[in-house]
Amino acid sequence: MPACEKIAIPRQKFLLPRPPWLTWAAARREWLCTYTQHVHACRLPPLPACERKSLYGSILYKDLLPRRWGAELEAATALKSHKDHVVLLCSWGETFAGLVRIWQKEASAADVRRGLFLSAAAGPYNPRAGCQRVRGPMAESSSSKRKEHASVAENVVIIGSGPAGWTAAIYAARARLEPLVFEGAITEENRLAGTLPLGQLALTTEVENYPGFPAGDLSAYLASAIAEQRQAMLPPHRKHGVAGPELMELMRQQAVNFGTRVITDDIVEVDFGRHPFWLRSLGGQEVEARAVIVATGARANYLGLPSEEAFKNRGVSACAVCDGALPRFRNRPLVVVGGGDSACEESLYLAKFASRVYMVHRRDRLRASHIMAERVKAEPKIELVWNHVVEEVLGNDQQGVTGVRLKHVQEGTLRELEVSGMFLAIGHTPNTAFLRGKLELTPDGYVKWTTPQRTYTSVEGVFAAGDVADNYYRQAVTAAGSGCMAALDAERWLAARGH
């Protein structure tokens, strides 16, 4: 275990202005969730006990947020090593964006003591990299702050921040509709559900099937295109095309560049029975909108195993089309969990690349349609494993997934399969809980499109885009396409009513 290397820091306190809406409980909750998300995204190794206590023990392990901003600065500058953890530790919200920039430039403790940083929350707005605050969560804007209860209805409010949401925002902004995007809240509940801002694509690694990003080194482009404080949240670039988080940050930045305003919060309640429509966020902000685009997506269902969570994006995936052709899985044995049509489709697709595909199902027959079941049985690379469930995902930090431990549902016996990846095909859950009783949904909970080749819903002026309505394709490029359609539909609907 390496020795703790500390910097002598005077007991001086650094006082930064505190936004009036920010209570200490809210600050601690936002900080913890953001830090957890970033450590997971960057896949940083855990710190040794002595170092983590020196670095952030007073915040994380004593379950307290210090009463003065200076305590965070002391903790952040108390350690030279593990700079990635230091940057992440201090990059919650935008309050510490200046400190992140200092660490990226190898600033010394003396620089911090002299106060050579600015609070982005208190500083002037910069449309390229700045951020403004509204009551509650963060909000980016290319115009002045708005009051919590706006006296004028928004033209378009977009709920969601995946490919569909950002594409809709780009098109709406270029049409001068001044869209407002609720990108989702950074909460522990959303982290566990896989519904943090930027959508499912932000949880993947390489994206090889999105047009326009062939394999190559995008380091310089990403550095010039994405705002500096947002770059600190990205994992290291792998120089092999574009990664999921990078693609989503690029979409977000493009929308912001055209004037999209962004609020980092969830919409939890809507009223589509009145017009303008009424929406309320998790933080209590109320907004009226002439048109609404729902792009909240759908989350993949997982087994809920701790080992499964540990190896997400390191061999555990919920999308064979997205990840199956990656070098990690080529010519290696893989396992697919599920017994429906989706599991059959995933298995048949993976059989093109894998040396062997084990299809694990908890019953003694498939739930899939007869024709799909026959195709699976006819594929020599696919082996059906009946009456078993996955009890544990096996692996290590160097190789990722190396196998799975299965349990017989009737006999209780255990067996292990040596595989390099596990693909879940046990369905998706659309993020539509807040829309029940407000819009017409399908029996599976997806928003129902009411008109062919349009994004119309059961309420005029409310449109749906992406996986929240598409339970068939579920691809980033199709979601982006439907986001474009929704923005055009909303623009024409508003124009027909004189807006």
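Readers should treat all values here as calculations from the given coordinates under stated rules, not as data from a laboratory. Keep in mind that this is a model prediction, so the values were computed, not measured. No Cβ is skipped: glycine too gets one built from the backbone with ideal geometry, and neighbour counts run over all protein chains shown.
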Q) Please state the Cα pair-distance histogram of the stretch 158-253 with 5 angstrom bins from zero: what percent is in each bin? A) 3, 13, 21, 24, 20, 13, 6, 0
Q: Subtract the Cα-Cα distance of E418 and V477 from 0.36 nm times their separation in residues, and report this length gain in nm to one decimal.
A: 17.9 nm
Q: Determine the principal axes of the Cα atoms in the stretch 367-499, then give the extent along each, sorted from largest to smallest and rounded to whole angstroms.
A: 67, 39, 31
Q) Highest mean first, what order results for 169-177, 401-409 on Cβ atoms within 10 Å? A) 169-177, 401-409
Q) So what's the projected area for the stretch 332-416, the Cα convex hull averaged over all directions, in nm²? A) 5.5 nm²
Q. Using unit Cβ charges (K, R positive; D, E negative) and no other charged atoms, how large, in debye to the nearest 20, is the dipole of the stretch 139-284 about its Cα centre?
A. 420 debye
Q. Where does each of 250-258, 384-392 land if you order them by average Cβ count within 10 Å, highest first?
A. 250-258, 384-392
Q. Taking a quarter of the surface of the convex hull around the Cα atoms of the stretch 386-446, what do you get in nm²?
A. 6.8 nm²
Q. Which ³J(HN,Hα) values, rounded to whole Hz and listed in residue order, are derived for the stretch 276-288 from phi using the Karplus coefficients 6.51, -1.76 and 1.60 in 6.51 cos²θ - 1.76 cosθ + 1.60 with θ = phi - 60°, glycine and proline given as x?
A. x, 5, 10, 9, 10, 8, 4, x, x, 6, 10, 9, 10
Q. Size of the dipole of the stretch 299-341 about the Cα centre, Lys and Arg at +1 and Asp and Glu at -1 on the beta carbon, nothing else charged, in debye to 20?
A. 220 debye
Q) Cα-Cα over 31 Å: which of K312/K381; K381/K448; K377/K448; K239/K381? A) K381/K448; K377/K448; K239/K381
**Q.** Taking N as its residue count, the alpha carbon Rg of the stretch 443-499 over 2.2 N^0.38 Å
**A.** 1.13
Q. Quick one: if the Förster radius is 41 Å, what FRET efficiency do S458 and R176 give, using the C-beta to C-beta distance and rounding to 0.05?
A. 0.90
Q: Could you pull out the trypsin sites (Lys or Arg not before Pro) across the stretch 263-327 that fall in loop regions by DSSP (anything but H, G, I, E, B) with no more than 10 other Cβ atoms inside 10 Å?
A: R274
Q. Which length gain, in nm to one decimal place, applies between K377 and V152 when the Cα-Cα distance is subtracted from 0.36 nm times their residue separation?
A. 74.9 nm
Q | Loop chymotrypsin sites (Phe, Trp or Tyr not before Pro), the stretch 422-499 (other Cβ atoms within 10 Å of the site Cβ: 14 or fewer; DSSP) | A | Y472, Y473
